[in-house]
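These notes are about the structure you will find just below.
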Amino acid sequence: MRTPSELMKPSSKLPRHLAVIMDGNGRWARQRFLPRVAGHRAGVDALHKIVKHAMKRGIEILTLFAFSSENWRRPSYEVSYLLDLFLNMLENETQKLHEQGIQLRIIGDCSQFNEKLQAQMAQAQDFTSRNKGLKLVIAANYGGQWDLTQAMRKIGEELERGTLSSANISAELINARLSLGDLPPPDLFIRTSGEQRISNFLLWDLAYTELYFTEVLWPDFNEVELDKALVFFSGRERRFGCTSEQLEESSYA
Ligand code: IPE
Ligand code: IPE
Ligand code: MG
């Protein structure tokens, strides 16, 4: 258990880990009498801006929700478009990510994607795996419930093999088996487009994350909007169950 003084690090005014639900592409397109997929195309430009600006601001980990385990329910044309967009980005931009020192990680049930996309995902992750700059995590066919389920399955297998006993199951042990188990949890969560829900994103990992919601639609989200969210974050007092007084005392200690 971390002590109040450990929780009050000077650097805690800037999120180390930022998680974003990039929402509102369809509405952005509809406002312009364009097909929904034009919104996804415009969303890619916003994504570039935000990756660059997050690096400029010194964020260490950026986790982006690109495609949820529920998004398969959309019209097949839209699903195909999104997957093609993903494939094209991996094909065309892995080298650029590498040159910027970005380490790419993809979380989610990739087994549901076609072989070509799976191969490209594996190649891009491998190619950038030794980079020391921004950790860019893309959640694709990701669901928080899926993540917890696969962690539970691993634990079940360990119990069956006899390498784990139920008395040793702890929050730390579960955490270590989740997709982001080796990383600090998100400090700040942003959802664009006015929706105020988690939509099966990082259910476990968001336990103590500061939540920021903005009406801005994802294709309009830019450097200024990200800075607004960072200012919001810098004004929060993160108590992690402690009292304000404890945190103040420990910051003078
Ligand atoms: C987010 O925008 C992108 C994905 C889910 C892939 P939406 O497509 O959900 O946009 P809205 O919510 O319909 O406006
Ligand atoms: C969440 O957005 C998923 C992504 C942004 C990838 P949705 O637009 O799919 O969420 P709901 O359906 O409105 O909750
Ligand atoms: Mg949406």
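The values are calculated or read from the model by the stated rules, or taken from the named source; none is laboratory data. Because the structure is a prediction, the values reported are computed rather than measured. Positions of Cβ are generated from backbone atoms using ideal geometry, with glycine treated the same way; all protein chains shown enter the neighbour counts. Please note that ligands, DNA and RNA were not included when accessible areas were found on the heavy atoms of the full protein model with its side chains. Shrake-Rupley method; radii C 1.70, N 1.55, O 1.52, S 1.80 Å.
Just a few scattered comments:
- Accessible area per residue in Å² at 1.4 Å probe, computed on the chain: 53 Å²
- Cα-projected label distance for Leu34 with Glu248, points at 7 Å along beta-carbon direction, nm: 5.1 nm
- When the pairs Lys52/Lys135; Lys132/Lys154; Lys116/Lys154; Lys13/Lys228; Lys13/Lys96; Lys13/Lys52 are compared against a 23 Å limit on Cα-Cα distance, Lys132/Lys154; Lys116/Lys154; Lys13/Lys96 fall above it.
- Springs between Cα atoms under 10 Å define the GNM used for the chain, and in it the highest mean-square fluctuation of Pro75, Pro185, Pro219 occurs at Pro75.
- Accessible surface of the chain, 1.4 Å probe, proportion on carbon and sulfur as whole %: 51 percent
- Charge context of Tyr77, other residues only, Cβ under 15 angstrom, K/R +1, D/E -1: +2
- For the chain, averaging the sequence separation of C-alpha pairs within contact (under 8 Å, six or more residues apart) and dividing by the residue count gives a relative contact order of 29 percent.
- Expressed as a fraction of 2.2 N^0.38 Å, the value expected for a compact globular protein of N residues, the C-alpha radius of gyration of region 149-253 is 1.43.
- The calculated 222 nm mean residue ellipticity attributable to helices in the chain amounts to -14000 deg cm²/dmol, summing -39500 (n - 2.57) over DSSP H runs of n ≥ 4 and dividing by all residues.
- Gap separating the Cα centres of region 156-232 and region 83-137, nearest whole Å: 20 Å
- Fully extended contour minus Cα-Cα distance, from Val231 to Lys116, at 0.36 nm per residue: 37.3 nm
- Surface/4 estimate of mean projected area, convex hull on alpha-carbon atoms of the chain, nm²: 15.5 nm²
- Viscosity 0.692 mPa s, temperature 37 °C, Stokes-Einstein D of region 81-201 from Kirkwood C-alpha radius, µm²/s: 199 µm²/s
- GNM remark for the chain: springs join alpha carbons under 10 Å apart, and the peak mean-square fluctuation among Tyr77, Tyr208, Tyr142 falls on Tyr77.
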